[in-house]
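First the structure, in the form of structure tokens, and then the observations on it.
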Amino acid sequence: MAEKKIRLHMAERSVEERVKDFNEVPQGYTPEQAIEEAKRCIQCKNPLCIKGCPVEVNIPVFIKLVAEGKFAEAAEKIKETNALPAICGRVCPQEEQCEKECILGKRGESIAIGNLERFVADWARKKPSPAGHKATLLSQRERVAIVGSGPAGLTCAGDLARMGYQVTIFESLHVTGGVLTYGIPEFRLPKAIVNLEIEYVKSLGVEIKTDMLVGNVYTIQELLKEYKAVFIGSGAGLPKFMNIPGENLDGVYSANEYLFRINMMKAWQFPEYLTPIKIGKRVAVVGGGNVAMDSARVSLRMGAEEVYIFYRRTQEEMPARIEEIKRAIEEGIIFKILTLPVKYHANASGWVSEAECRQMELGEPDASGRRRPVEIPNSDFRIQIDTVVVAIGNLPNPLIPQNTPALKTEKWGGVIITEEGLTSIPGVYAGGDIVRGAATVISAMGDGKRAAKAIAALLD
Amino acid sequence: MNRIIQKNKINENIFRIVIDAPHIARAAKPGQFVVVVPTEKAERIPLTIADFDREKGTITIIFQIVGATTKVLDSIPAGGEIAHLLGPLGTPSHIENYGTVVVIGGGVGIAEIYPAVKALKAIGNEVITVIGARNRDLLIFQNELSVVSCQLLVTTDDGSAGRKGFVSDELKDIIASGKKIDLVLAVGPVPMMRVCCEVTKPHGIKTVVSLNPIMLDATGMCGACRVQVGGKTKFACVDGPEFDGHQVDFADLVARLKPFKDMEKRALDHVCRLLGGK
Ligand SMILES: Cc1cc2nc3c(=O)[nH]c(=O)nc-3n(C[C@H](O)[C@H](O)[C@H](O)COP(=O)(O)OP(=O)(O)OC[C@H]3O[C@@H](n4cnc5c(N)ncnc54)[C@H](O)[C@@H]3O)c2cc1C
Ligand SMILES: Cc1cc2nc3c(=O)[nH]c(=O)nc-3n(C[C@H](O)[C@H](O)[C@H](O)COP(=O)(O)OP(=O)(O)OC[C@H]3O[C@@H](n4cnc5c(N)ncnc54)[C@H](O)[C@@H]3O)c2cc1C
Ligand code: SF4
Ligand code: SF4
Ligand code: FES
């Protein structure tokens, strides 16, 4: 069989069509396309791809099953290690994980592992669920409490439930899913998919209590009296601001507030939903990560006419996923690179009206290996805008550490854990963004899995 | 859960509801609040825990109908359920024996001071409570507060009850009488809190205010509630809502309360249509 060097891309909706709504942009493979792409995999004896996956999905085996048209079996195979494949297939930074390691990438294009994973999960979702995956409830074992219903908490809960533990998730918001629900917008991750994955975790016997802010309602110490172990997956919910003049003007939002209002509170359906959001004609989003891309693309869909990204380095240093940057550019987002806002000005009614920015240039590489942005003197310029979204990052949620003096944290707020995920308090584990700072869905899931294993070992 | 087990009308616009919420009653402290989402499509709004009963497992909320979501909340009758209720939130009031404390409540803030008055008195403070409203019909909680305060002073803008004037006039007089005041706690409309701070500042009397910026998650995740205190940005939902009033930038607070005004009107019109012009 002649080895094909070029991967098969998914069909995408046209720019004109997609910027008018919140529906998904890529359309997924057809079964024929999936089989064709899967056949490119050379089934390595020593598959490097698996090493690139934080939850070690058995990639060659599931891809072989796809190539043979055995989609149900492929789905089973993936679910052995990854409870949320429809989500990971969509939002994993595959180009830096599984696909980066794929051997074919050295001589051509790597296998589209993420696209295949997404295809298999979507295919399985549309079929009645196979009997093998009904919760095989073992004799009820000890009770475990999970804080947060993001990917870290859901994964840890799912794994423990499958082992027969009685699991309760405490979630502070009135909706479940963490960033999957309130952060990542519908056009990139449909909420119907997130909800199905959450239903699956519930079908394993996991109880989810919403509107429960741990630290305030129950402290970690109180939970330890009722539960044999606790896993903290409370995420990186603390928004950073730049602390520049004018940042408190009306019309300046943190990305969290912006996305919260739109995704979680459904402000795009105002006034049927009562939460308001006000977006002007010219929106500036500050930052260069996934959060910034999402905020910019949401702005377009909310009716903004011109949307800028202000980023202090260049496109090459942007931490956002390459394909999302590509889609943002296609949709007409204007990239103002090497641009640092230093002050916002207001109009007569106190609403933000102008951004004063400084021109930057790239200097020597910094600790992260990226070239450091340096200010160019006397280079300030102004751009008229009427909405600003600050998307320069999030820090670990400080609430639980503040209420739990015995919980050791790094200076920047991350909870300190051992290799196994154990914190400084016996019986209390942590993982995901509360430990890593803003990271990825799959690393949060990997942490949840590892902690589940450690908790099971502890309780055995 | 979250069932409204009792509902009373206090006046035309202000209602008291008692909600079954044992986990909140168990943990609640004076100065804390809850987030209420009356129905799935409503906003998340913050409301102070005006009282709690650990034994019965209930909390009491006093709310004033000002817009769409409070209107929706009012449409839920006794026996009905609130879709979502989260709390207790915020940093509790700092309750200690200061000596003499003047607690000031204005408008619906009168209800919000009740738990603090009770706790301050219980720990041994001499508590002088001052409450004020536009007219006598808007005065609430007078009986309850007179029971738990050492002294209760009443003002109305039009003189229909108590002294004609503002709560700040009463505050000025107490200071002028030469009485030593160790702490002032002021809860109410922003202009009232600002004036109280202006009155106490020259005398160096520590003054705590309870800020009410717009909130969204109320768990420290969005920054909508950011306020300027002592030149620093604070999130009122977790760092507050109580702050040292002499450090608060009130102008910033006022500006940040208005961005959605026109939309709030549209939302209210929408809700009124849905509820049949009720
Ligand atoms: C807009 C946006 C886009 C992103 N895009 C991508 C992407 O494309 N690919 C990718 O891999 N990653 C992406 N990320 C990052 C990714 O979503 C996170 O790394 C991941 O969700 C972290 O998972 P987690 O479970 O640790 O925390 P979270 O998903 O943040 O979940 C934490 C949960 O805990 C709850 N909680 C917090 N405190 C408490 C408490 N005291 N008591 C009870 N509950 C509490 C929170 O409400 C939340 O629901 C994105 C993030 C954002 C914001
Ligand atoms: C910590 C705190 C405690 C409070 N306690 C009480 C209380 O015990 N009783 C009471 O009657 N009111 C209280 N409030 C005010 C109450 O939250 C608002 O009246 C309510 O949110 C109005 O919602 P609405 O949709 O009915 O009106 P809207 O039409 O939305 O708003 C009317 C006005 O209320 C304010 N407001 C609007 N949305 C919010 C929001 N999400 N958060 C805060 N303020 C908002 C704005 O100034 C707005 O102009 C408190 C506010 C805070 C921050
Ligand atoms: S879970 Fe993510 S990293 Fe792992 S194989 Fe799937 S797409 Fe790749
Ligand atoms: S490294 Fe690439 S080619 Fe090899 S097994 Fe993995 S996906 Fe297939
Ligand atoms: S309301 Fe969101 S941080 Fe305070």
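Derivation of every value follows stated rules applied to the coordinates shown; laboratory data play no part. Worth saying up front: this structure is predicted, and the values here are computed from it rather than measured. Heads up, the Cβs are rebuilt from the backbone with ideal geometry, glycines too, and the neighbour counts pull from every protein chain shown.
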Number of partner chain Cβ atoms within 10 Å, mean per residue of A:216-222: 4
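So what is Rg over Rh here for the stretch B:100-210, counting just Cα atoms and using Kirkwood for Rh? Walk me through the numbers on the way to the answer.
Values: Rg = 12.5 Å, Rh = 13.5 Å.
Here the Rg-to-Rh quotient is 0.92.
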Distance from the stretch A:1-58 to the stretch A:429-456 (C-alpha centre basis), Å: 26 Å
Separation of alpha-carbon centers, the stretch B:135-207 and the stretch B:23-40, rounded to whole Å: 27 Å
Cβ crowding within 10 Å averaged over residues, with A:72-80, A:344-352, A:153-161 ranked highest first: A:153-161, A:72-80, A:344-352
Spatial separation of Cα centroids for the stretch B:220-274 and the stretch A:393-407, in angstrom: 24 Å
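List the equivalent ellipsoid semi-axes of the stretch A:147-217 in whole Å, largest first, each obtained as the square root of 5λ for an eigenvalue λ of the Cα gyration tensor. Display every interim value, and only then the final one.
On the way: eigenvalues 76, 52, 15 Å².
Values for the stretch A:147-217, descending: 19, 16, 9 Å.
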Directionally averaged shadow of the stretch A:241-392, computed from the convex hull of its alpha-carbon atoms, nm²: 9.3 nm²
Scattering profile of the stretch B:2-89 at q = 0.24 Å⁻¹ [log10 I(q)/I(0), Debye over alpha-carbon scatterers]: -1.27
Over the stretch B:158-197: Rg over Rh, Cα atoms, Kirkwood Rh: 0.99
Amide H partners (placed H, <5 Å) of A:ASN397, local residues excluded: A:ALA236, A:GLY237, A:LEU238
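Would you calculate the convex hull of the Cα atoms in the protein assembly as shown and tell me its volume per residue in Å³? Provide the component values of the computation, followed by the final result.
On the way: hull volume 132.4 nm³, N = 738.
For the protein assembly as shown, the hull spanned by Cα atoms encloses 179 Å³ per residue.
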Residue-count net charge about A:ARG382 - beta-carbon cut-off 14 Å; Lys, Arg +1, Asp, Glu -1: 0
Local electrostatic count, A:ASP447, Cβ distance below 12 Å [Lys/Arg +1, Asp/Glu -1]: 0
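Mind checking the alpha-carbon convex hull of chain B and giving the volume per residue in Å³?
On the way: hull volume 35.3 nm³, N = 278.
For chain B, the hull spanned by Cα atoms encloses 127 Å³ per residue.
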Ratio Rg/Rh [Cα only; Rh per Kirkwood] for the stretch A:279-333: 0.94
Quotient of Cα Rg and 2.2 N^0.38 Å for the stretch A:178-311, N being how many residues it contains: 1.26
Debye log10 I(q)/I(0) for the stretch A:307-428, one point scatterer per Cα, at q = 0.12, 0.23 Å⁻¹: -0.70, -1.26
